[in-house]
1. Output the helices (runs of 4 or more DSSP H) that fall wholly within region 96-184 and possess 2 or more residues being closer than 25 Å to residue 13 by Cβ and within 13 Å of the chain's Cα centre (by Cα), or say none.
2. Could you list, in sequence order, the residues of region 52-93 that are surrounded by 13 or more Cβ atoms within 10 Å (Cβ to Cβ) and over 25 Å from residue 132 (Cα atoms)?
3. For region 154-172, which positions are within 23 Å of residue 123 (Cα to Cα) and surrounded by 14 or more Cβ atoms within 10 Å (Cβ to Cβ)?
4. Condition first: touching a Ser or Thr at 6+ places or on another chain (Cβ under 9 Å), farther than 19 Å from residue 61 by Cβ and without any contact (Cβ under 8 Å) to a residue 12 or more places away in the chain. Can you find one or more residues in region 108-130 that meet it?
5. For region 6-27, what are the residues that are surrounded by 15 or more Cβ atoms within 10 Å (Cβ to Cβ) and among the charged types (D, E, K, R)?
6. Might you let me know whether region 27-49 holds any residue that is of a type outside the set (Lys, Arg) and in contact (Cβ under 8 Å) with a residue 60 or more places away in the chain?
7. Tell me the helices (runs of 4 or more DSSP H) entirely within region 25-89 that contain at least 3 residues that are among the polar types (S, T, N, Q).
Amino acid sequence: MQSTKEQITLLADELMRSNGYNAFSYSDISKPMGIKNAAIHYHFPSKSDLAFEVVSFHEESFDRFTERVNGKSPLQKIKMFLNFYTSIQQTGRICVIGAFATDWNAMNDEIQHSMTSFTNKVIEWLTEVLNEGSESQEVLLTHSPHSEALSILTNIFGATQLSRITGSDHFAEIKQNILSRITP
């Protein structure tokens, strides 16, 4: 069973990725949980503290993901990474990186630093996977692994946001284009 702190974190994450950082308050968490705002403030004195915890939650989730795909081929890792974004898109949310980027200027330096660190971790992992795939000739690259990682990330992040407006067909098309571009 999840602790109150974990439940608050998960609900805050859902609200941030559905509505944005500035579009929810502690009452949007306390009401559905049936608790008082004071209970949220006990665990997270400020909204920044809660946002920092959401970033930490995603970093831990990404670490579990990379452990789970360890030992898979580079192309399998990339497909599993893109499938993760498919599951995000299907819920109508956006990825946490995109959610935080939207309200970037409203966040304090600590949250920005934490989010930058997490984002760089994702970029570095994807760059390493693409490099490994290029060296084994399982993945075709027309640019450096780092440039291709940035391209994949911006495409898939943008696709989750675009699909909110235009529908999931565009998401699937963008995902397929990514795979077509890197598959020999």
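Values quoted throughout were computed directly from the atomic coordinates according to the rules given, and no laboratory measurement underlies them. If you're wondering where the values come from, they're calculated on a predicted model, not measured in any experiment. Please note: Cβ atoms are built from the backbone with ideal geometry, for glycine as well, and neighbour counts cover all protein chains shown.
1. Working: elements: 96-102, 109-135, 145-166, 168-182.
Answer list for region 96-184: 96-102, 109-135, 145-166.
2. 52, 53, 54, 55, 56, 57, 88, 89, 93
3. As a first pass, look at region 154-172 and keep what is within 23 Å of residue 123 (Cα to Cα): 154-163, 171-172.
Hits for region 154-172 are 155, 156, 157, 158, 159, 160, 161, 162, 163, 171, 172.
4. no
5. 13, 14, 17
6. Just the residues of region 27-49 that are of a type outside the set (Lys, Arg), to begin with: 27-30, 32-35, 37-46, 48-49.
Still in the running and in contact (Cβ under 8 Å) with a residue 60 or more places away in the chain: 48.
Yes, that holds for at least one residue.
7. On the way: elements: 26-33, 37-43, 47-69.
So the answer is 47-69.
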